[in-house]
Amino acid sequence: MKPSKRILGAVAAVAALSLMAGCGGGGSTGSSDESSGASGGQVYYLSFKPEQDAAWQAVAAQYTEQTGTPVRIVTAAQGTYEQTLKAEMAKSDAPTLFQINGPVGGAVWKDYALDLSDTDFYNALLDKSMAVEMDGNVIGVPYVVEGYGIIYNQAIMDKYFATSGAKAASVDEINTFAKLKEVTDDMQAKKDELGIKGVFAATSMKPGDAWRWDTHLANLPIFYEYRDNNVTDMAEVSFKYNKEYQQIFDLYLTNSTIDPKLTPSKAVTDSMAEFALGEAAMVQNGNWAWGQVADVAGNTVTEENIKMMPIYIGVDGEEKQSIAVGTENFFSVNSKASEADQQASIDFVNWLITSDAGKSAMVNDLGFIPPFSTFSATEQPADPLAKQVVAYMGNTDLYNVAWNFTTFPSKDFKNSFADALTQYAVGNLEWSQVVEVFVTEWAAEKQG
Amino acid sequence: MIKSLRRLALVFTGPTIIAFAIAFAVPFLVGLYLSFCEFTTVTNATWVGFDNYVRAFSPRERFLSSLGFTALVTAIAVLTVNLFAFTVAYLLTRKLRGTNFFRTVFFMPNLIGGIVLGYTWQTIINAVLVQYQTTLISDAKYGFIGLVLLLNWQMIGYMMIIYIAGLQNVPGELIEAAAIDGADKWQTLRHVTIPMVMPSITICLFLTLSSSFKLFDANLALTNGAPMRQTEMVALNIVNTFFTRVGVEGVGQAKAMVFFLLVSGLAFLQLRATRRQEVEQ
């Protein structure tokens, strides 16, 4: 009896220990808590993108090695950043460095965000208007810019331009919605000749995968509505450019690889795979998509053939419109953390944008297009779509479409709009009902 | 003896009480408090009184409509799951070849988590509907049927095991006596077997009722409320209120409180009603 009891006890002890270890070690990088850095503070960054977790962990280890300041990086699971942050912020060991997604996130977290107007990284911003300000405080500083537009496959386009009766001779001629429609309609008619299933990759309307339409595409009419009113946010909108939205959305649906009725079964990865396999010539997405395209098995799109053009929706003067460049990633420092931890977090970000190691990590490992003056023209990411974005940013003939979707009322608003769009796509809703959802949900969700 | 035991009462019950307090009582009380507050993180809240409860019932919150949908799914699922589970259990307690094999097969789906099931069924149903040029989320009735199908598939196995245990405990002499008295198969089932397995029916009804009422994971994975929130069940509605919107955390918490009262009230009533049907052996 005795030995078996002892074994049982040992097993129980081991189980209990491993449980405790499991709790304590969850997500930590193993940076020891005893060896605090020179300033005595430490950094705990709650990161946003799961795909960048490994890169961030490496950066953190490197920083700790160089300065002795412990840096802990925890990454929230895909699409759960806000809820993870809400939970983590309630702990005594809260993140010292976190991120907000723009003015809307800023309004939620303003009580927790330190004024960053005196920091070096704020002063190094190329465009200070990009920072999130609230009540006179700078509470969020962008650390990356991104751009989106219509990504196209140059090889398929060239094949089309060579066909008889092509509606354009080069992509440069496409600079209005009318031209885009003319060309893509013709391409759709010649899809067998071009060896594609459709011009535009599937309009992914699967729940949770509709952000290209409920956020990115919806940004354009809102951008123009704000511009007409000369404001940067509105409590109520009229969705003035809804006809323009409808016509580009219809274009995506009709000149597509699939029947509009099947769009609710498609995810973004499906669309990107179609593009990568050469089944579609165009897909609306941003510079982050290169990884997705390159990783698809059987990818036929080469680096020099992947290009991006602006999304034309049919607004007057859009010949001068560029792609949409902006960000929804802003660093904020936890104002409720200890001063030493706040300083450590600020030092960490400063190191990221000034030291050679930090800059290299930002550009090469994390693949960021940095919005800071400390980066030279050569210190930019190497991937082909990021290069396109940088080129568009440098083109002063064109006006940039700002990322006004950071002022969209809430995720719930986007979900409601996406649901309505889906029902419109499959033919269950009239367009006027979609517009009504957009306008009423906007006003209601803005009230909070 | 009793006295010394009483003295030691805290030693024996203490660990359980502490665990219960940490895992249930304290969070529950904090939650109750928060339902009267406006807050972003749970440690920093301001009192607003009954505002949250008033807002929770406004039509815009879709709380009542999701409650209606949940009630519908639950009603159908409780009926079908128990009917099928009992039928399968009844068949598998006959003297058939390979009953053990079939019991295992029917129980297997229960071992798969709701999220995986949700995505799997989504793919299956979409693959069928694509023949008709439509998808799962084109129409709320597909989502409804999908949820009921999924619940059946997932829960029948577990309920079947409980029914089998109940059926095997029906004394053979009672069945025999019924047969001698000239009762046919249907009469035996109706007047001997079912009253004898009433405890199993109680448990199964209770389990199916509460788990379909609280269903979250499968709902999230299968339709996520689409189309237009028409297939959003209460649990999903609460989570969406809390996590996808700005400044309405308190309303979400108030909904959760109402939901708690409903589930516990329903389960209590149901338990009392079926308890009365049970027969002492």
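Observations on the model:
- For the stretch B:2-52: rounded, prolate or oblate by the Cα gyration tensor [a/c cutoff 1.5]: prolate
- Mean projected area in nm² (Cα convex hull; one quarter of hull surface) for the stretch B:147-226: 6.1
- Proximity of backbone amide H atoms, modeled 1.01 Å from N, is registered between A:Met134 and A:Ile139 at under 5 Å, excluding neighbours fewer than 5 places apart on the same chain.
- Backbone geometry of the stretch B:92-97 corresponds, through the Karplus equation with coefficients 6.51, -1.76 and 1.60 at θ = phi - 60°, to 3J(HN,Hα) couplings of 7, 9, 6, 8, 10, 6 Hz, x marking Gly and Pro.
- Along the axis of the charge dipole computed for the protein assembly as shown (Cβ charges of +1 for Lys and Arg, -1 for Asp and Glu, origin at the Cα centre), the listed residues A:Asn305, B:Ile156, A:Ala77 are led at the positive end by B:Ile156.
- Cα gyration tensor, the stretch A:334-448 - rounded (a/c under 1.5), prolate or oblate: oblate
- Cα gyration tensor shape for chain B, rounded if a/c is under 1.5, else prolate or oblate: oblate
- Residues in the stretch A:281-319 reached by a label modelled at A:Gln247 [backbone nitrogen below 12 Å; 7 Å Cα→Cβ]: A:312-318
- Cβ crowding within 10 Å averaged over residues, with B:25-31, A:403-409 ranked highest first: A:403-409, B:25-31
- Neighbouring Cβ atoms from other chains, within 10 Å of the Cβ of residues in B:37-46, number 4 on average.
- Peptides A:72-80, A:417-425 ranked from most to least packed by the mean count of surrounding Cβ atoms within 10 Å: A:417-425, A:72-80.
- Helix-derived mean residue ellipticity, 222 nm - over the protein assembly as shown, DSSP H n ≥ 4, -39500 (n - 2.57), to 500: -16000 deg cm²/dmol
- Average beta carbon contacts from partner chains per residue of B:231-237, 10 Å cutoff: 0
- Annotation: peptides B:264-274, B:227-237, ranked by per-residue average of other Cβ atoms within 10 Å with the highest first, follow the order B:227-237, B:264-274.
- Charge tally for A:Tyr63 (other residues, Cβ to Cβ under 14 Å; Lys, Arg +1; Asp, Glu -1): -2.
- Set of aspartates and glutamates near A:Lys110 by C-alpha distance (under 12 Å), chain-local residues within fewer than 8 positions excluded: A:Glu133, A:Asp135
- Estimated FRET transfer efficiency (A:Ala297, A:Ala58; beta-carbon r; R0 30 Å; 0.05): 0.70
- Of the cross-linked pairs A:Lys191/A:Lys307; A:Lys167/A:Lys266; A:Lys49/A:Lys336; A:Lys49/B:Lys141, those separated by over 26 Å at the C-alpha level are A:Lys167/A:Lys266; A:Lys49/B:Lys141.
- The stretch A:88-109 versus the stretch A:220-248: alpha-carbon centroid distance in Å: 29
- Phi to ³J(HN,Hα) by Karplus 6.51 cos²θ - 1.76 cosθ + 1.60 over the stretch A:286-303, Hz, x for Gly, Pro: x, 5, 5, 7, 4, x, 5, 5, 5, 7, 5, 5, x, 4, 10, 8, 8, 4
- Rounded to 5, the percent of DSSP beta bridges in chain A classed as antiparallel: 70
- Dimensionless Rg/Rh of the protein assembly as shown - Kirkwood Rh, Rg from C-alpha atoms: 1.02
- Projected label distance in nm at B:Phe28 and A:Ser164, using a 7 Å step from Cα toward the beta-carbon: 8.1
- For A:262-269, mean number of other protein chain Cβ atoms within 10 Å: 4
Read-outs throughout are calculated quantities, based only on the coordinates presented, and are distinct from any laboratory measurement. Since we're looking at a predicted model, the values are computed, not measured. Cβ sites come from the backbone with ideal geometry, for glycine too, and all protein chains shown count toward neighbours.
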